[in-house]
Amino acid sequence: MLGDDACVAALDVAGDALAPAARVAVYRHHVLTSLTAALEAMFPVVVRLVDVRFFRYAADRYVRAHPPGRPCLFEYGASFPEFLAAFPPCRHLVYLADVARLEWAMNVALHAADAAPLTAEALRALAPGAVGDLALDLHPSVTLLRSPWPVDRIWRANQPGAEDAVVALDAGGACVQVWRRDDDVVVRMLTPAALALRTALAGGRRLAVAAAAALTAEPDVDLPALLREAVDEGCLTA
Amino acid sequence: MQTTAVAGSGIGLRAPHVDEIVATRPAVDWLEVHAENYMMAGGPALRALERLRHDYPLSIHGVGLSLGSADGLDVAHLERLARLVDRLEPALVSEHLSWSIVDGAYLNHLLPLPYTDETLAIVSAHVARVQDRLGRRLLVENPSGYLRFAGAEMPEAEFLATLARRTGCGLLCDVNNIHVTCANLGGDPDAYLAALPPAAVGEIHLAGHAVNDADGHEILIDDHGSPVAPAVWSLYERALERFGPAPA
């Protein structure tokens with residue numbers, strides 16, 4: 001199904017007015033077009049950046065080399081960003097794989113497990129004294145991304161209805177958090193301290209250790225404000 | 001084994017229409033969804049469906065179980081289906097007479113099987129295992145066909161009838177697929193209907209197809225997007241006469 005026409009001859013397909021190869025082609029066409037269409041829906045900004053014709057060409061190569069391992073298409077495409085990074089015809093688009101990672105993170109956020117976010121009241125009740133020993137976790141929908149390219153601006157400039165904007169590639173890197181807040185997927189820039197705090201919490205570090213990581217990233221950061229911001233965003237769980 | 005508790009006319013529910021159904025609660029008798037679109041861990045789509053199931057009976061229609069895979073059933077996928085069925089408690093659960101997984105790759109299509117005794121043994125064992133795990137009757141749907149294997153030993157309808165007799169499974173009779181398969185491979189839709197045991201038919205599907213050109217020959221493609229063709233409507237009426245008022 002994913003190979004070339006030579007494979008068809010090996011099949012024991014009955015021919016008549018229509019040759020076996022043409023009959024098999026009906027199935028092959030659907031396999032390849034439906035899977036590339038699934039990727040097209042998953043990575044709309046990448047489609048816009050490279051043009052749909054090139055996208056379909058790249059996706060066709062990806063589908064043949066990395067067909068889905070499971071029947072749920074909302075799980076298909078996790079390795080597409082890495083594939084794009086190494087795909088010679090678009091390797092010069094250095095930011096493309098990170099934009100694809102951002103879009104994949106949105107898909108992950110949409111389908112992640114539900115979990116009640118930690119509220120400010122619950123945080124106070126949890127830790128009257130030993131705040132530093134708290135082991136908080138990130139909401140299951142959260143992905144943290146760091147890119148040397150301004151991927152958040154590239155992503156925003158390519159949303160439906162966005163004004164045509166020129167994004168300077170040397171505008172600086174981006175720390176981005178993608179997660180689900182209520183029922184909406186949100187993409188937000190993080191400061192280096194916020195990224196350090198959340199990365200440490202995601203790695204299972206105690207709050208005191210995570211706070212130290214934030215201070216290393218930004219020595220004069222307001223730690224209580226940093227924690228309050230994370231709670232307000234609904235991206236922490238206890 | 002659970003018995004059918006739905007009747008009347010349902011609709012296949014696709015993701016873009018969920019909000020509309022939630023908001024307007026139209027007068028349809030039941031809703032059918034693809035199992036694989038709701039196997040996520042959580043999120044708004046699953047929650048919306050959990051709300052809808054309180055107001056409508058559900059039919060869970062699987063496309064990924066690959067009942068015809070010669071290298072065994074995907075047990076992990078069957079477990080995911082079982083969890084979804086536990087969670088949503090649908091009135092009907094169905095799958096297709098086809099294969100879609102080979103060497104661990106999922107091909108996202110209902111691929112054709114050679115209708116032989118050997119295939120029948122494989123599919124029967126898989127259907128039995130699915131019914132055991134789910135603790136209920138599975139309906140098996142006839143696919144749309146674009147090729148026939150030279151080594152086929154029996155017609156598709158006879159294969160399905162025997163499968164139902166051996167496993168106790170039900171049949172989901174897709175009249176559009178019967179029309180498409182008979183047009184593409186040569187066959188009489190009425191003879192097809194006549195070969196299906198009426199007691200086994202637990203649901204009927206009605207859909208549209210497109211007429212395409214393949215190397216200068218007309219070929220019908222089941223596309224779920226075209227309107228229902230007049231010939232399919234009339235085949236549907238004859239199916240109702242034969243099978244009685246199955247949910248459609």
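Give me the residue from region A:17-45 that is more than 10 Å from every other protein chain (Cβ to nearest Cβ) and in contact (Cβ under 8 Å) with a residue 40 or more places away in the chain and, out of that set, surrounded by the most Cβ atoms within 10 Å (Cβ to Cβ). So, considering only residues that are more than 10 Å from every other protein chain (Cβ to nearest Cβ) and in contact (Cβ under 8 Å) with a residue 40 or more places away in the chain, the one surrounded by the most Cβ atoms within 10 Å (Cβ to Cβ) is A:43. Residue count for region B:84-103, restricted to those that are closer than 13 Å to residue B:203 by Cβ and either touching a Lys or Arg at 6+ places or on another chain (Cβ under 8 Å) or in contact (Cβ under 8 Å) with a residue 60 or more places away in the chain (or both): 5. Residues being basic (Lys, Arg), closer than 17 Å to residue A:236 by Cα and in contact with a strand residue (DSSP E or B) (Cβ under 8 Å, 6 or more places away or on another chain) are represented in region A:189-199 by at least one member. Do you know which of the residues in region B:80-107 that are part of a helix (DSSP H, G or I) and more than 12 Å from chain A (Cβ to nearest Cβ) is nearest to residue A:1 (Cα to Cα)? Of everything passing the filter in region B:80-107, B:82 is nearest to residue A:1 (Cα to Cα).
Of everything in region A:75-103 that's surrounded by fewer than 20 Cβ atoms within 10 Å (Cβ to Cβ) and closer than 15 Å to residue A:38 by Cβ, which residue is farthest from the chain's Cα centre (by Cα)? Checking each candidate, the answer is A:83.
Can we say residue A:51 is of a type in the set (Asp, Glu), over 18 Å from the mean Cα position of the chain (by Cα) and at pLDDT 90 or above? Spelling it out, residue A:51 is indeed of a type in the set (Asp, Glu), over 18 Å from the mean Cα position of the chain (by Cα) and at pLDDT 90 or above.
In this structure, does residue A:155 turn out to be touching a residue at least 40 places away in the same chain (Cβ under 8 Å), more than 29 Å from residue B:40 (Cβ to Cβ) and away from chain B (no Cβ under 14 Å)? The answer is no for residue A:155. Pull up region A:139-152, narrow it to residues that are surrounded by 21 or more Cβ atoms within 10 Å (Cβ to Cβ) and closer than 14 Å to residue A:190 by Cβ, then point me to the one that is farthest from the other protein chains (Cβ to nearest Cβ). For region A:139-152, the residue satisfying everything is A:150.
Consider residue B:104 carefully, then state whether it is surrounded by fewer than 19 Cβ atoms within 10 Å (Cβ to Cβ), at pLDDT below 95, over 25 Å from residue B:78 (Cα atoms) and over 15 Å from the mean Cα position of the chain (by Cα).
No: the conditions fail for residue B:104.
Which of the residues that make up region B:57-74 are farther than 20 Å from residue B:97 by Cβ and either within 11 Å of another protein chain (Cβ to nearest Cβ) or surrounded by fewer than 22 Cβ atoms within 10 Å (Cβ to Cβ) (or both)? B:57, the sole residue that qualifies. Of everything in region B:199-248 that is over 25 Å from residue B:162 (Cβ atoms) and hydroxyl-bearing (Ser, Thr, Tyr), the residue that is modelled with the lowest pLDDT is B:226. For residue B:185, the requirement of being in contact with a helix residue (DSSP H, G or I) (Cβ under 6 Å, 6 or more places away or on another chain) and touching a residue at least 12 places away in the same chain (Cβ under 8 Å) is not met. Scanning region A:106-138 for residues that are within 13 Å of chain B (Cβ to nearest Cβ), in a loop (DSSP other than H, G, I, E, B) and free of Cβ contacts under 8 Å to residues at least 40 places away in the same chain yields A:113, A:114.
Across region A:70-105, the qualifying residues are those that are touching a strand residue (DSSP E or B) at 6+ places or on another chain (Cβ under 9 Å) and in a loop (DSSP other than H, G, I, E, B), and the one among them that is farthest from the other protein chains (Cβ to nearest Cβ) is A:95.
Per-residue answers, yes or no, for (1) of a type in the set (S, T, N, Q); (2) under 19 Å from residue B:11 (Cα atoms); (3) without any contact (Cβ under 8 Å) to a residue 40 or more places away in the chain:
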position	(1), (2), (3)
B:131	yes, no, no
B:145	no, no, no
B:153	no, no, yes
B:179	no, no, no
B:197	no, no, yes
B:224	no, yes, no
B:243	no, no, no
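Restricting region B:116-163 to residues that are crowded, with 19+ Cβ neighbours inside 10 Å and of a type in the set (Asp, Glu), which is nearest to the other protein chains (Cβ to nearest Cβ)? Here the answer is B:156.
In the condition set (1) surrounded by 22 or more Cβ atoms within 10 Å (Cβ to Cβ); (2) free of Cβ contacts under 8 Å to residues at least 12 places away in the same chain, residue B:113 is compliant with all but (2).
The values are calculated or read from the model by the stated rules, or taken from the named source; none is laboratory data. This is a predicted model, so every value here is computed, not measured. Neighbour counts run over all protein chains shown; Cβ positions are idealised from the backbone, glycine included.
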